[in-house]
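The values are calculated or read from the model by the stated rules, or taken from the named source; none is laboratory data. What you are looking at is a predicted structure, and each value in this text was computed from that prediction instead of being measured. With ideal geometry, Cβ positions are generated from the backbone for all residues, glycine too; neighbour counts draw on all protein chains shown. Areas reflect the complete protein model, heavy atoms only, side chains present, ligands, DNA and RNA absent. Shrake-Rupley method; radii C 1.70, N 1.55, O 1.52, S 1.80 Å.
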Amino acid sequence: MIIGITHFLIISAALFCIGLYGILIKRNLFSILMCIELMLNAVNINLAAFNYFLPMPDLSGQVMILFSVAVAAAEVAVGLALIFRVYRDFRTVNIDKLNSMKG
Amino acid sequence: MNLYVIYPEITVSILALLLTVFDLLLPSRETRRSLGYTALLVLSVLAASLFWQYHITASPYFYQNMFYYDNYAIFFKQLFLLAVILTILFSLRYTESIKYKSEFYSMLLFALAGMMILASANDFLTMFIGLELMTISFYALTGFSMNDKKSSEAAIKYLIIGSLSTAVMLYGISLIYGTAHSFSFSAINGNPDIFSLLSIAGMMMIISAMFFKMSVIPFHMWSPDTYEGAPTPVTALLAMGSKAAAISVFMRILFAAFWPAADYFLPILSVFAAVCMIGGNIAAMRQKNIKRMLAYSSIAQAGYMLVGICAASLQGIKGVLFYAFLYILANAGAFAVLTVVEFYKKGTNYDDFAGLSQSSPLLAMVMAVSLLSMAGIPPTAGFAGKLYLFMAAVEHGYLWLAFVGFIMSMLSVYYYLKVVRVMYSDILDPVNINISSSLRTAILISMTATVLFGIWPQYLSVLTNLAAVTFLK
């Protein structure tokens, strides 16, 4: 069997769906952050596969991966800081308990 | 390399970095107001200098088609500069009360740099970087009130929904990249496979992620909580800058990249616009907190701007630009008053506004003018803006949409005037409110501009016309 672009796209779609499913059912803020990372990494696989297998004029897909990894790291840094603040304020990291605003 | 075209972004980024350094050099007992005034001075000079950048000749692309420096981008850059200048003006007193003062200013400036990059983006890479620079700065800004539980809750909700939409958008971008073999908007526009399944899925993902950022109704659930919990100056900038930036890049994507698909998409967009106007206005009526009411009303305002995008004509684009400008002015006035009231009454409910006309007639007047402008009552600029939008929609055959918009703006008068009634009729313990001179400047700018552009809209429409003409070419 030859591993082609389809296999990579299926893996990335599966990762993306697992991440989305996790965000919807997980209640722990850390798990939600991990699921977001999963979704962002699915995108990186997609970009790398397209860039490698298709006749592309340049390496723009791989450049995009570099930026997307950097942005994901920044997002997680801010996210972790905010989770610590939430823990300090509410003494919990369960997202269902964060319901002081309604309407 | 031509660095000259990104001088606004470079100036703002360097200023943001310098402010944090100045903060370390200042003795700790000094106030940090000087940082705010420095930022104000530099940003005002920058905004004025951009007037000389408008050009009639064809606009050039820069950095291998990644960056487009046309009148449309310049107009939006000035708009964001104005929003940040007004925000800094009325947040000087708030900034005195928080612990990390210089960081607050530099976060505002980084968000501004992100918005300015977004306005010129002509490539999905540029757009992604601008969008993330803006959004990540806003995550941090939303959580800036260290002693307020609501602020951290708002920030974490914004972060989760925001990064979810980022992931969806990136996935869409990667699918588009797979079919068009490029990130450039012009390459995507000329892509022969634009109606392949992969490409359609990608377009849908990008557009729904943009709906998240603009808080269009089915994707709006983060915005009321985030607006309520965030510190009031940050809420103001979220409502003004972040929404205008999302609209600017959404129009660019729709008209520059997905133009072949726009004919099929615009009827769907008109449904979203109608749902947005109806839902936003009806939800706003039920609110007891004015900050939350303004959040829902900003959802409705996004709906009005979508009406102009649906028209997809010169008139429509012009209407959107005009409306975005006066929307920023009106919101700046309303949120400036909200900041003062929150400072004195420690709350933003309707009863906190009782008797405001007694304790501070100027504040009550500015609030009334701003809200009337949002509702679109004739002497204010909001009327002219809505007139342009709905006329463009009718010319393009969306009579029903203009009708929905008209009915909904009449309904919106109800909850806007409820605030005015509370301010002018109810009298409860009048407190002595004194207004700082910087805040007075901000509210006077917003009120005068709202009234003057309402009476003489032609002066602003010269500028919006210039921007819209080069945008559509």
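Being touching a Pro at 6+ places or on another chain (Cβ under 8 Å) and at pLDDT below 90: is that true of B:Y69 here? Steps first, answer last, please.
Values: touching a Pro at 6+ places or on another chain (Cβ under 8 Å): yes; at pLDDT below 90: yes.
Against the criterion (touching a Pro at 6+ places or on another chain (Cβ under 8 Å) and at pLDDT below 90), B:Y69 qualifies.
Restricting to region A:90-103, what's the tally of residues that are at pLDDT 90 or above and among the hydroxyl-bearing types (S, T, Y)?
The number of residues fulfilling the criteria is 1.
Residues that are more than 17 Å from B:A167 (Cβ to Cβ), surrounded by fewer than 20 Cβ atoms within 10 Å (Cβ to Cβ), within 11 Å of another protein chain (Cβ to nearest Cβ) and not charged (D, E, K, R): does region A:5-12 have at least one? Break it down into steps so the answer makes sense when it comes.
Taking region A:5-12 first, the residues more than 17 Å from B:A167 (Cβ to Cβ) are A:5-8, A:10.
From what is left, the residues that are surrounded by fewer than 20 Cβ atoms within 10 Å (Cβ to Cβ) are A:5-8, A:10.
Imposing the further condition that a residue be within 11 Å of another protein chain (Cβ to nearest Cβ) reduces the set to A:5, A:8.
Filter once more, so that each one left must be not charged (D, E, K, R): A:5, A:8.
Within region A:5-12, one or more residues are more than 17 Å from B:A167 (Cβ to Cβ), surrounded by fewer than 20 Cβ atoms within 10 Å (Cβ to Cβ), within 11 Å of another protein chain (Cβ to nearest Cβ) and not charged (D, E, K, R).
Does region B:363-379 contain any residue that is at positive phi, surrounded by fewer than 24 Cβ atoms within 10 Å (Cβ to Cβ) and either in contact (Cβ under 8 Å) with a residue 24 or more places away in the chain or of a type in the set (S, T, N, Q) (or both)? Step through it out loud before you land on a result.
Initial filter on region B:363-379 (at positive phi): B:376.
Filter once more, so that each one left must be surrounded by fewer than 24 Cβ atoms within 10 Å (Cβ to Cβ): none.
There is no residue in region B:363-379 that is at positive phi, surrounded by fewer than 24 Cβ atoms within 10 Å (Cβ to Cβ) and either in contact (Cβ under 8 Å) with a residue 24 or more places away in the chain or of a type in the set (S, T, N, Q) (or both).
Quick check on region B:278-293: of everything there that is assigned to a helix (DSSP H, G or I) and either closer than 23 Å to B:F403 by Cα or free of Cβ contacts under 8 Å to residues at least 40 places away in the same chain (or both), which residue is farthest from the other protein chains (Cβ to nearest Cβ)?
Result: B:I278.
Which numbered condition trips up A:M39, out of (1) farther than 16 Å from B:M169 by Cβ; (2) in a helix (DSSP H, G or I)?
Going through (1) farther than 16 Å from B:M169 by Cβ; (2) in a helix (DSSP H, G or I) one by one, A:M39 breaks only (1).
Only one of these is farther than 17 Å from B:A302 by Cα and touching a Leu at 6+ places or on another chain (Cβ under 7 Å): B:A354, B:A368. Name it. Step through it out loud before you land on a result.
Numbers: B:A368 fails: touching a Leu at 6+ places or on another chain (Cβ under 7 Å).
Only one candidate qualifies: B:A354.
I'd like the residue in region B:70-98 that is within 20 Å of the chain's Cα centre (by Cα) and open to solvent by 10 Å² or more (accessible area, probe 1.4 Å) and, out of all such residues, is nearest to B:W52 (Cα to Cα).
B:Q78
For B:N465, indicate whether it is closer than 22 Å to B:A83 by Cβ and not β-branched (V, I, T).
Working: closer than 22 Å to B:A83 by Cβ: yes; not β-branched (V, I, T): yes.
Yes; evaluated as a whole, the condition is true for this residue.
Given region B:174-265, what helices (runs of 4 or more DSSP H) lie entirely inside it while holding 1 or more residues that are open to solvent by less than 10 Å² (accessible area, probe 1.4 Å) and under 19 Å from B:I117 (Cβ atoms)? Working first, answer last.
Working: elements: B:185-189, B:197-214, B:222-229, B:232-237, B:243-252.
Result: B:185-189, B:197-214, B:232-237, B:243-252.
Just one of (1) more than 30 Å from A:H7 (Cα to Cα); (2) surrounded by 18 or more Cβ atoms within 10 Å (Cβ to Cβ) trips up A:S100, so point out which.
With (1) more than 30 Å from A:H7 (Cα to Cα); (2) surrounded by 18 or more Cβ atoms within 10 Å (Cβ to Cβ) applied to A:S100, the lone miss is (2).
Of the numbered conditions (1) out of contact with any strand residue (DSSP E or B) (no Cβ under 7 Å at 6 or more places or on another chain); (2) at pLDDT below 90, B:W52 fails exactly one; give the number of that condition.
For B:W52, the exception is condition (2).
With crowded, with 24+ Cβ neighbours inside 10 Å and not basic (K, R) as the only criterion, which of B:L269, B:L294, B:L314 stands out? Please lay out each step first, then the result.
Values: B:L269 fails: crowded, with 24+ Cβ neighbours inside 10 Å; B:L314 fails: crowded, with 24+ Cβ neighbours inside 10 Å.
Unique residue meeting the criteria: B:L294.
Name every residue in region B:169-188 that is facing chain A (nearest Cβ under 8 Å) and of a type outside the set (S, T, N, Q), in order of residue number. Outline the logic, then answer.
Within region B:169-188, the subset facing chain A (nearest Cβ under 8 Å) is B:170-171, B:173-175, B:177-178, B:181-183.
Listed by number, the residues that qualify are B:L170, B:Y171, B:I173, B:L175, B:Y177, B:G178, B:H181, B:F183.
Count, please, the residues in region B:99-142 that happen to be open to solvent by less than 20 Å² (accessible area, probe 1.4 Å), of a type outside the set (S, T, N, Q) and in contact (Cβ under 8 Å) with a residue 40 or more places away in the chain.
Qualifying residue count, region B:99-142: 23.
Only residues in region B:154-167 that are more than 7 Å from every other protein chain (Cβ to nearest Cβ) and part of a helix (DSSP H, G or I) count as the first member; pair them with residues that are open to solvent by less than 10 Å² (accessible area, probe 1.4 Å) and among the β-branched types (V, I, T), Cβ under 6 angstrom, at least 6 apart or cross-chain, and list the lot.
Hits for this filter: B:A154/B:T142; B:A154/B:T226; B:Y158/B:T142; B:Y158/B:T226; B:G162/B:T135.
Quick check on this structure: which one of A:Y21, A:Y87, A:Y52 is closer than 25 Å to B:M127 by Cα and either modelled with pLDDT under 90 or more than 8 Å from every other protein chain (Cβ to nearest Cβ) (or both)?
Details: A:Y21 fails: closer than 25 Å to B:M127 by Cα; A:Y87 fails: closer than 25 Å to B:M127 by Cα.
The match here is A:Y52.
Output the residue which, of all residues in region B:115-141 that are closer than 16 Å to B:N65 by Cβ and aromatic (F, W, Y), is nearest to the chain's Cα centre (by Cα).
B:F128
Just the residues that are over 16 Å from B:P379 (Cα atoms), of a type in the set (A, V, I, L, M) and surrounded by fewer than 19 Cβ atoms within 10 Å (Cβ to Cβ), please, taken from region B:436-462.
Scanning region B:436-462 gives B:L444, B:I445, B:V462.
Hey, does region B:89-108 have a residue that's in contact with an Asp or Glu (Cβ under 6 Å, 6 or more places away or on another chain) and more than 14 Å from chain A (Cβ to nearest Cβ)?
Our first condition is that a residue be in contact with an Asp or Glu (Cβ under 6 Å, 6 or more places away or on another chain); within region B:89-108, this holds for B:102.
Filter again for more than 14 Å from chain A (Cβ to nearest Cβ), leaving B:102.
Yes; the residues of region B:89-108 include at least one that is in contact with an Asp or Glu (Cβ under 6 Å, 6 or more places away or on another chain) and more than 14 Å from chain A (Cβ to nearest Cβ).
Determine whether B:T226 is out of contact with any strand residue (DSSP E or B) (no Cβ under 9 Å at 6 or more places or on another chain), under 30 Å from B:I328 (Cβ atoms) and within 14 Å of chain A (Cβ to nearest Cβ).
Numbers: out of contact with any strand residue (DSSP E or B) (no Cβ under 9 Å at 6 or more places or on another chain): yes; under 30 Å from B:I328 (Cβ atoms): yes; within 14 Å of chain A (Cβ to nearest Cβ): yes.
For B:T226, the condition - out of contact with any strand residue (DSSP E or B) (no Cβ under 9 Å at 6 or more places or on another chain), under 30 Å from B:I328 (Cβ atoms) and within 14 Å of chain A (Cβ to nearest Cβ) - is met.
Listed here are the residues, each with its yes/no results for (1) over 20 Å from the mean Cα position of the chain (by Cα); (2) open to solvent by less than 60 Å² (accessible area, probe 1.4 Å); (3) at the interface with another protein chain (Cβ under 7 Å from one of its Cβ atoms); (4) charged (D, E, K, R).
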site	(1), (2), (3), (4)
A:K26	no, no, no, yes
A:S31	no, yes, no, no
A:I36	no, yes, yes, no
A:D58	yes, no, no, yes
A:S68	no, yes, yes, no
A:V71	no, yes, yes, no
A:V76	no, yes, no, no
A:R91	yes, no, no, yes
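Is region B:67-83 home to any residue that is farther than 27 Å from B:L326 by Cα, touching a residue at least 40 places away in the same chain (Cβ under 8 Å) and of a type in the set (D, E)?
No, region B:67-83 contains no residue that is farther than 27 Å from B:L326 by Cα, touching a residue at least 40 places away in the same chain (Cβ under 8 Å) and of a type in the set (D, E).
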